[in-house]
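**Student:** One structure, as structure tokens, below. Some questions next.
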Amino acid sequence: MTRTFKRFPLVLALAMGAIGVGAGSLRAAPDCEALPAMDFTSIPDAPTQATATRMVEATGEVPAHCRMDGYVTPNVRIVLDLPNSASWNGKYLQASPGGQGGSTEQEAGWCDEALRRGYACLTHDTGHFGMTRRSSWAYNNLQAELDYGIRGHHVAALAGKAITEHYYGRAPAFSYHVGCSAGGKQGMVQASRFPWNFDGILAQEPANVTAVGVMILWNALASYDADGQPLFTPADLDVLHAGAIAACDADDGLEDGIIGGDPRTCQFDPADLACASGQTSGCLSPVQVEAAKKKYTGPVTSTGEKLSKYFPFYPGLPGSEKGNYFSMDLESRTSWGGGSRGSTRIRDRAGRRPTSIGTTITSAWGFQMRW
Ligand SMILES: [Ca+2]
């Protein structure tokens, strides 16, 4: 049954800057400019306010469409692109951002492609405004954490599908979710917690934020001394990388500067790069050797038990010394306001309570049972 919404009362709608407002129930024909005048606060569990709409002209292969900006209370910003009714394929796609969200722009490319194929497409900011690699938004803001971790993606789906149904006068025949990294994780969250939201989910590289977070913290702690000073310079990482390549490049049968096959089988001991007596360059100090071993080993408990038994950690594998899980430490130090207090802050963060950000996926049984 098609859901119906009423227009805001005339006075209220005018106060909100709506155009062409009048009393009465909505018409079935799509009317882009009328969307801000509609009262979407009755969408169950997802009270929504449209804030602006405009017709977007065709660009390249992206057809002309209606774009609605709005938010689901309290603060999940949504952008919903609606093709002309003649070109709508009857389907809904939701693209959820990765990283720390904070913008509706991150997945705009997905909606361009979706529009080209005739989908109605929604992006959202996960419930806060911010940069994808900065986390100030979460300070003393449990609502934002919950929206980012679980709720924002869910209520965006409720709102997006309901407004799509209102716009065309019929519900989407199929609804899909796409996202990468934290967006991919959201696909898994939706499957496990809200299996009825989507008919298909493309969960690209779903990030286990708990595991990745611990891994990043472990690597960061291994990268700094007690005073918060970095143990490795980029030149030191070059030395470490060259040592790993020299040890294992040929393991895959081809000396091409790449540790192919399974780098986990690489037998490389950073101690082989330890400085000889009087040597000051092109080698590693004892402290650096121990730090490198920690990175290759991955997180362990206080009793030495490897946490990789429980989570699919991404350890610092030989050959990756110049990649994310080694160089990321330097970025983390900067973005977390490190300075000389870097390691202290990192420890503070590690000691904080787990939040909804580290959502654990337990089961997608309900989603699987749909088929
Ligand atoms: Ca090789």
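**Student:** Report the gain in length on full extension from S285 to T59: 0.36 nm times residue separation, minus Cα-Cα distance, nm rounded to one decimal.
**Tutor:** Stretched out fully, the S285 to T59 stretch lengthens by 75.6 nm.
**Student:** If r is the Cβ-Cβ distance from D262 to Y139 and R0 is 51 Å, what FRET efficiency results, to the nearest 0.05?
**Tutor:** Plugging the Cβ-Cβ distance into 1/(1 + (r/R0)^6) gives 0.80.
**Student:** Once you place label points 7 Å from the Cα toward the Cβ at S42 and S85, how far apart are they in nm?
**Tutor:** My value for the distance between the label points is 2.1 nm.
**Student:** I've got another one for you. How large is Rg/Rh for region 109-216, to two decimals, with Cα atoms and a Kirkwood Rh?
**Tutor:** Here the Rg-to-Rh quotient is 0.99.
**Student:** So, one more: Between D269 and E205, what FRET efficiency follows from the Cβ-Cβ distance if R0 is 22 Å, with the result rounded to 0.05?
**Tutor:** 0.10
**Student:** Fewest to most neighbouring Cβ within 10 Å: what's the order for D81, D252?
**Tutor:** So the ranking, lowest neighbour count to highest, is D252, D81.
**Student:** Dividing the Cα radius of gyration by the Kirkwood radius, what Rg/Rh value follows for region 10-207?
**Tutor:** Looking at region 10-207, the ratio lands at 0.96.
**Student:** To the nearest 0.05, what FRET efficiency results for A171 and D238 with a Förster distance of 35 Å applied to their C-beta separation?
**Tutor:** Computed FRET efficiency for A171 and D238: 0.05.
**Student:** Please list the three semi-axes, largest first and in whole Å, of the ellipsoid equivalent to region 91-156, using sqrt of 5 times the eigenvalues of its alpha carbon gyration tensor.
**Tutor:** 24, 12, 6
**Student:** Continuing with the same structure: By the scheme Lys and Arg +1, Asp and Glu -1, what is the net charge of all other residues having a beta-carbon under 12 Å from that of V239?
**Tutor:** -3
Values in this text are rule-based calculations from the coordinates and carry no lab data. Quick caveat, the model's predicted, so the values are computed rather than measured. Because the Cβ atoms are built from the backbone with ideal geometry, glycine has one as well, and the counts that use them run over all protein chains shown.
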